[in-house]
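The values are calculated or read from the model by the stated rules, or taken from the named source; none is laboratory data. As the structure is a computational prediction, the values presented were derived from the model and not from experiment. Counting neighbours? That spans all protein chains shown, and the Cβs are built from the backbone with ideal geometry, glycine included. SASA here: full protein model, heavy atoms, side chains in, ligands and nucleic acids out. Shrake-Rupley method; radii C 1.70, N 1.55, O 1.52, S 1.80 Å.
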Amino acid sequence: QVQLVESGGGLVQPGGSLRLSCAASGRTFSSYKMGWFRQAPGKEREFVAAIRGGSTYYADSVKGRFTISRDNAKNTVYLQMNSLKPDDAAVYYCAEGAGIILTTQRGYEYWGQGTQVTVSS
């Protein structure tokens with residue numbers, strides 16, 4: 001059974017930084033792509049970033065501010081978020097999947113429970 005557990009969310013002021021972590025268990029972590037999605041109140045869940053092998057992919061809204069990385073030895077994926085804006089406030093979810101689809105939810109089989117990010121002064 002695959003389990004994904006996010007951590008690192010919280011309250012941050014605009015312009016600040018946070019690093020989210022997602023610890024995975026249950027299957028060979030390094031074999032699968034990992035993604036981060038987010039969902040703000042009243043909005044659909046949207047793609048944020050993904051990592052597959054050594055390649056990374058970002059939504060235009062976070063490019064240049066967010067960095068996704070993974071540590072296969074620790075079965076953990078990270079999302080470093082810098083220059084945070086109020087529009088970045090959402091519940092952030094990590095996801096794991098096989099296949100080539102990166103930027104939509106159907107490309108991922110397993111999801112974490114989410115971690116709240118609040119950006120406010």
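Looking only at residues in segment 54-70 that are surrounded by fewer than 16 Cβ atoms within 10 Å (Cβ to Cβ) and out of contact with any Ser or Thr (no Cβ under 9 Å at 6 or more places or on another chain), the one that is farthest from Asp87 (Cα to Cα) is Gly54. Inside segment 1-12, can you point out the residues that are at pLDDT 95 or above and open to solvent by less than 70 Å² (accessible area, probe 1.4 Å)? Hits for segment 1-12 are Leu4, Glu6, Ser7, Gly8, Gly9, Gly10, Val12. Exactly one residue out of Gly15, Gly42 is without any contact (Cβ under 8 Å) to a residue 24 or more places away in the chain, open to solvent by 50 Å² or more (accessible area, probe 1.4 Å), of a type outside the set (Phe, Trp, Tyr) and in a loop (DSSP other than H, G, I, E, B): that is Gly42. Being farther than 18 Å from Gly107 by Cα, among the aliphatic types (A, V, I, L, M) and at pLDDT 95 or above: is that true of Met81 here? Yes, satisfied.
Evaluate the following for Thr115: is it of a type outside the set (Phe, Trp, Tyr) and in contact with an Asp or Glu (Cβ under 6 Å, 6 or more places away or on another chain)?
Values: of a type outside the set (Phe, Trp, Tyr): yes; in contact with an Asp or Glu (Cβ under 6 Å, 6 or more places away or on another chain): yes.
Answer is yes for this residue.
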